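Take a look at the structure set out below.
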Amino acid sequence: MRASAAVVALCMTGSAHAFVPAPALPTRTKALRTRMSASEEAERIAVNKKDERRRILASPKYNRMGFKSEAEDVSSMMLEEFTSPMVKELKSNSNVLQKGDVTVKLAQDFGFCWGVERAVAMSFQARKHFPSTKMHITNELIHNPGVNEKLDEMDIEFVPVNENGKKDFSAIQDGDVVILPAFGATLEEMQLLDSKDVQIVDTTCPWVSKVWNTVDKHTKMQFTTVMHGKYAHEETIATSSFADKYIVVKDLKEAQYVADYIVNGGNKEEFLAKFSMALSAGFDPDTDLQKVGLANQTTMYKRDTREIGKIFEKALMAKYGPAAIGQHYMAFDTICDATQERQDAMLELVEDPEIDIMLVVGGWDSSNTHHLAEISLNRGIPTYWVNKAECVKPDGSIDHKDPHTLEVINHPNFLPKGKVCVGLTSGASTPDAYMQQTVENIFLLKQLQPAMATA
Ligand code: SF4
């Protein structure tokens, strides 16, 4: 069964975050729907969304494994492009490197995660495999400006976003190749692409797919998915497209607000206004929070996700009693190891009393990099979140994003005088080579500092 014209039309015009009806049913089934109970209807939608995704993934047009014939060449290319001799030196010296007045201390875990490396390799393999075919990508492959520029150089076109903030898929023609990024794609996008005669290279990280499977379980059991994430993040948009009912909470404060509503009730209008961008269509907090399943955007604070789970479990226990908790709350472990390891390493690094400033290298849209910078700033360490080496400027200033205000600001004379110890880490989408370039600029700046002081 192909996606119906109606579904495709919706995909072309509807918001990526809008509720998507299940694919149109045959006429006879439509007639039966009038006699379905609400719970039967919910199960039908659940089965349809999950089955629809599986049907599309099973299509021969879908490639989820990359291209073995190109693997060796791409691996050498990535080695040359993305690895760093400096990082090798750091690793062989207990993650410490000294040059002149600068000592660099690198976090124990940092940089490219397995899922990102896989997505980049698959995209490069696809370009080699289809050297002259028009190729598109539905979003940034990963949140790294350097890697995305590289894809641009390879003539892989980003699906444009129109003035209404909606993606415009009209340039994709039969015979083209379309890459889906590591965060995945929404069900609407998958259906739309399935309706075209295109090859799909799906680089969705298996950790993200694991969260989708969890959401399927919630929906099958008629539980509402409570998603710990940022409602506008591509991964959360994709994951929520597979849920029947969902609410996205970004932090403990929002989770507590929802939990209080579960226990005590509250002002429904205020609730709906507060989460207006973060709810499935038709969400009713009075009826849709009786059964709750937890899921997460893979790059959130893992400790917060666990804490949010406890908040909901406690609220539902208070409402329905401990004996009935199994019927009202479910949680599966969907925590991504790579994110957890980088956050743990950062928590360890910020305890080092010798560190004067922290350098966090990673895309300014990168959620996991944001959290790394936040950990350091919250510890009171002057923290500079840079997205490329050029942020460190020859005039002694640095362009960086403040993880609290989310403003990009220029900080003059950021490098302390005399000896300085720089803590260093990078986000899961940052190749080691880009981190090295940033550190080299710091070394250079330090050498120039005396001359700049007398100028
Ligand atoms: S951070 Fe985790 S979920 Fe995200 S791409 Fe990397 S391995 Fe996959």
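Taking a ≥ b ≥ c as the square roots of the eigenvalues of the Cα gyration tensor, the chain is oblate, since a/c reaches 1.5 or more and a/b is not larger than b/c. For Thr383, the amide hydrogen comes within under 5 Å of the amide hydrogens of Met358, counting only partners 5 or more places away or on other chains and with H modelled in the peptide plane. If R₀ is 25 angstrom, what is the calculated FRET efficiency for the pair Ser76 and Trp114, using the beta carbon separation as r and rounding to 0.05? For R0 = 25 Å, the calculated efficiency reads 0.85.
Only Cα pairs under 8 Å and 6+ residues apart enter the sum, and on that basis the relative contact order of the chain stands at 19 percent. Measuring r between the beta carbons of Glu348 and Met317 and using R0 = 22 Å, the FRET efficiency lands at 0.05. With all protein chains in place and ligands, DNA and RNA left out, the 1.4 Å accessible area ranks Ile398, Ile325 as Ile325, Ile398, largest first. With the whole protein complex present, Tyr320 retains an accessible surface near 70 Å², based on a 1.4 Å probe.
Its Cα centre serving as origin, the chain has a Cβ charge dipole (Lys and Arg +1, Asp and Glu -1) of approximately 1360 debye.
Rounded to the nearest whole Hz, the Karplus-based 3J(HN,Hα) values (6.51 cos²θ - 1.76 cosθ + 1.60, θ = phi - 60°) of region 345-361 follow the sequence 5, 5, 4, 6, 4, 5, 7, 6, x, 7, 6, 8, 9, 10, 10, 10, 9, with x at glycine and proline. With a cut-off of 14 Å between beta carbons, the residues surrounding Ala389 carry a summed charge of -3, where Lys and Arg count +1 and Asp and Glu -1. Please work out the Cα center distance from region 79-127 to region 381-455, rounded to the nearest Å. Cα centroid of region 79-127 versus Cα centroid of region 381-455: 17 Å apart. A 1.4 Å probe, protein heavy atoms only, puts the accessible area of Cys391 near 10 Å². Going by accessible surface with a 1.4 Å probe and the largest first, Thr219, Thr103 read Thr103, Thr219.
Over region 297-416, the fraction of Cα-Cα pairs per 10 Å bin, rounded to whole percents and listed from the shortest bin up, is 12, 34, 26, 16, 9, 3, 0. Annotation: the antiparallel percentage among DSSP beta bridges lying fully within the chain is about 25.
Of all DSSP bridge pairs formed entirely within region 209-335, close to 10 percent run antiparallel. Relative contact order, whole percent, for region 209-335 stands at 32, derived from Cα pairs under 8 Å and 6 or more residues apart.
Against the chain, whose longest principal axis comes from its Cα atoms, helix 38-57 is set at around 50 degrees.
With a threshold of 30 Å on the Cα-Cα distance, the over-threshold entries among Lys91/Lys401; Lys210/Lys291; Lys68/Lys210; Lys68/Lys166; Lys401/Lys446 are Lys68/Lys166. Putting +1 on Lys and Arg Cβ atoms and -1 on Asp and Glu Cβ atoms, find which of Ala315, Gly66, Gln340 reaches farthest to the positive end of the dipole of the chain. Most positive-ward Cα: Ala315.
Note: region 58-186, Cα convex hull, 165 Å³ per residue.
Solvent exposure of Phe414, expressed as accessible area, is near 10 Å², computed with a probe of 1.4 Å over the protein chains only. Against the longest principal axis of the chain, how steep is helix 302-320, in degrees 0 to 90 to the nearest 10, with axes from Cα atoms? With rounding to tens, the tilt is 30 degrees. Close amide H pairs (under 5 Å, H built 1.01 Å from N) link Ser426 with Gly111, Val361, residues at least 5 positions away or on another chain.
Taking the square roots of five times each eigenvalue of the Cα gyration tensor of region 209-335, the equivalent ellipsoid has semi-axes of 19, 17, 14 Å, listed largest first. Within the same chain, aspartates and glutamates fewer than 8 places from Lys88 are excluded, and of the rest, those with a Cα less than 16 Å from its Cα are Glu80, Asp109, Asp432, Glu440.
To the nearest ten degrees, helix 68-82 and the longest principal axis of the Cα atoms of the chain are 40 degrees apart. Taking the 1.4 Å solvent-accessible surface of the chain as the whole, the part contributed by carbon and sulfur is 52%.
Under 5 Å between amide hydrogens, built in the peptide plane, is the criterion, and for Leu180 it picks out Val201, Asp202, Thr203 among residues at least 5 positions away or on other chains.
The values are calculated or read from the model by the stated rules, or taken from the named source; none is laboratory data. In this text, all values refer to a predicted model and were calculated from it rather than measured experimentally. All Cβ positions, glycine included, derive from the backbone under ideal geometry; neighbour counts span all protein chains shown. For the accessible areas, the whole protein counts, side chains as well, though only heavy atoms, and no ligand, DNA or RNA atoms are used. Shrake-Rupley method; radii C 1.70, N 1.55, O 1.52, S 1.80 Å.
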